[in-house]
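Here's the structure, in structure tokens; my notes come after.
The values are calculated or read from the model by the stated rules, or taken from the named source; none is laboratory data. Here the structure is a predicted model, which means the values were calculated and not measured. Cβ: placed from backbone, ideal geometry, glycine included. Neighbour counts: every protein chain shown. Accessible surface areas use protein heavy atoms only, side chains included; no ligands, DNA or RNA. Shrake-Rupley method; radii C 1.70, N 1.55, O 1.52, S 1.80 Å.
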Amino acid sequence: MIAVLQLLFLILFCFLAVNIIYLFIFSIAGRLRKYSPYTVLAEKKRIAVLIPTYKEDAVILQTVTKAVGHNYPAQSFMVFVAADQLRSETVSALRLTNAQVEVMEFNGKSSKAKSLNALINKINPKEFDIALVLDGDNVMANGCLEKLNAAFSKGYRCVQLHRTAKNANTEMALLDGLSEEINNNIFRNGQRSLGFSSCLIGSGMAFEFNKLKEIFSIPSILENAGEDREVDTVLIKEGIEIEYIPDADVYDEKVSSEQVFEKQRLRWLEAQQNHINMILSPSYFKGGKDKNFWNRLMINLMPPRVLMIAVFIPIFAAAMIFRFFNLDLLRPDFTSWLVLFAILCAGLVISIPSRYMKLNVLAKALSKLFSTIIRLIRALFQMKPKRKEFIHTPKTFTE
């Protein structure tokens with residue numbers, strides 16, 4: 001029995017070590033990336049800005065108004081809105097902007113993928129070169145479309161913009177925004193620094209128009225409530241390199257309460273579980289497999305960082321109990337576990353942007369860390385990987 005426990009501790013340590021060292025390496029790489037900013041070009045590609053929205057009456061008008069007024073030549077872009085279950089007065093207000101608004105009605109369950117598919121099929125593909133996908137709460141900073149134009153002119157076929165926090169009105173929103181920036185450094189900047197494709201987020205992502213239309217006609221993506229992972233996989237398997245533009249900001253509302261955090265993470269966990277089931281199937285390994293394929297496989301099998309942190313709590317508690325009763329069960333020794341935890345913390349701290357590196361800001365954000373661990377564990381027990389309906393998280397911040 002003792003030998004079995006020791007082996008289990010050792011296996012857990014090795015699993016965590018592989019993931020934590022990976023995070024640490026890409027954290028450093030993200031900070032060292034040599035990025036050459038994209039400049040304004042005279043020749044303009046035609047861009048369709050696609051905004052699927054579901055019950056987001058509180059924020060969608062601001063998003064569309066800002067998008068329509070973006071500083072890119074008006075004749076070279078158009079804003080399209082997929083209005084799913086919006087109030088009639090909201091639809092009427094949207095139609096007073098220069099956006100093209102399409103009211104969506106689905107016989108089955110609503111989803112972002114279905115809205116995008118329906119919206120794309122109402123647009124003449126000959127009129128646009130690029131399609132940019134925004135969420136209903138996203139607001140583009142000036143210059144986003146110019147930088148997209150330059151990146152696609154350079155030959156990229158898919159580009160992820162820098163999604164960043166729109167709000168910091170609560171401790172929970174601060175922590176969520178901090179988490180997103182850590183992800184940006186590791187899974188986007190770090191990936192590009194070491195020659196890999198950036199990971200997609202789900203919004204603020206742009207594609208060749210016809211490629212997006214092709215992807216969002218795939219049945220499995222249309223039925224997927226967390227489609228961004230599968231979209232990412234399709235691109236990687238087709239050998240399409242994903243660029244990341246760190247100075248093209250797309251402001252995204254962060255969750256302001258623990259209840260909304262739990263719902264959002266439940267959706268993400270179910271999406272990850274479904275994706276893991278897909279990538280472990282034999283069909284996933286058919287076709288070409290380059291460095292991006294194996295790298296993405298590693299990322300998709302990686303547990304959430306919050307869960308990694310959570311694992312160390314019972315490990316350290318067990319170590320104290322073992323020491324008190326003079327039991328030699330922990331493998332490797334306590335010092336090794338402590339060093340591993342320190343590497344994890346160092347990798348996360350390295351990835352934090354300077355604007356968050358203030359004592360009062362970090363204190364507010366980290367004050368919610370323990371409660372988010374509890375919420376994430378609760379979400380684990382509520383998972384239904386076969387769930388088809390979209391778990392909606394309300395957006396209300398418009399300042």
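Some observations on this one:
- Only a single item in (1) open to solvent by less than 40 Å² (accessible area, probe 1.4 Å); (2) out of contact with any Asp or Glu (no Cβ under 9 Å at 6 or more places or on another chain); (3) modelled with pLDDT under 95 is not met by residue 104, and it is number (2).
- Subset of the stretch 27-57 (residues that are among the aliphatic types (A, V, I, L, M), within 20 Å of residue 128 (Cβ to Cβ) and open to solvent by less than 90 Å² (accessible area, probe 1.4 Å)): 41, 47, 48, 49, 50, 51
- Subset of the stretch 120-149 [assigned to a helix (DSSP H, G or I), touching a residue at least 12 places away in the same chain (Cβ under 8 Å) and open to solvent by 10 Å² or more (accessible area, probe 1.4 Å)]: 125, 127, 146, 147
- Residue check for residue 323: within 30 Å of residue 173 (Cβ to Cβ), open to solvent by 40 Å² or more (accessible area, probe 1.4 Å) and out of contact with any helix residue (DSSP H, G or I) (no Cβ under 7 Å at 6 or more places or on another chain): no
- Selection count where residues are free of Cβ contacts under 8 Å to residues at least 24 places away in the same chain, more than 27 Å from residue 26 (Cβ to Cβ) and not polar (S, T, N, Q), scope the stretch 335-385: 2
- Under the condition of being open to solvent by less than 50 Å² (accessible area, probe 1.4 Å) and among the charged types (D, E, K, R), the residues counted in the stretch 58-89 number 1.
- Counted as qualifying within the stretch 1-119 are the helices (runs of 4 or more DSSP H) with 3 or more residues that are under 23 Å from the mean Cα position of the chain (by Cα) and of a type outside the set (Gly, Ala, Ser), namely 2-32, 60-68.
- Among (1) of a type in the set (Ser, Thr, Tyr); (2) surrounded by 16 or more Cβ atoms within 10 Å (Cβ to Cβ); (3) farther than 21 Å from residue 263 by Cα - the single one residue 372 does not satisfy: (3)
- Criterion (under 23 Å from the mean Cα position of the chain (by Cα), modelled with pLDDT of 95 or more and either open to solvent by less than 40 Å² (accessible area, probe 1.4 Å) or more than 24 Å from residue 31 (Cβ to Cβ) (or both)) met by exactly one of 246, 332, 303: 246
- Test for residue 261: is it of a type in the set (A, V, I, L, M, F, W, C), modelled with pLDDT of 85 or more and over 27 Å from residue 145 (Cβ atoms): yes
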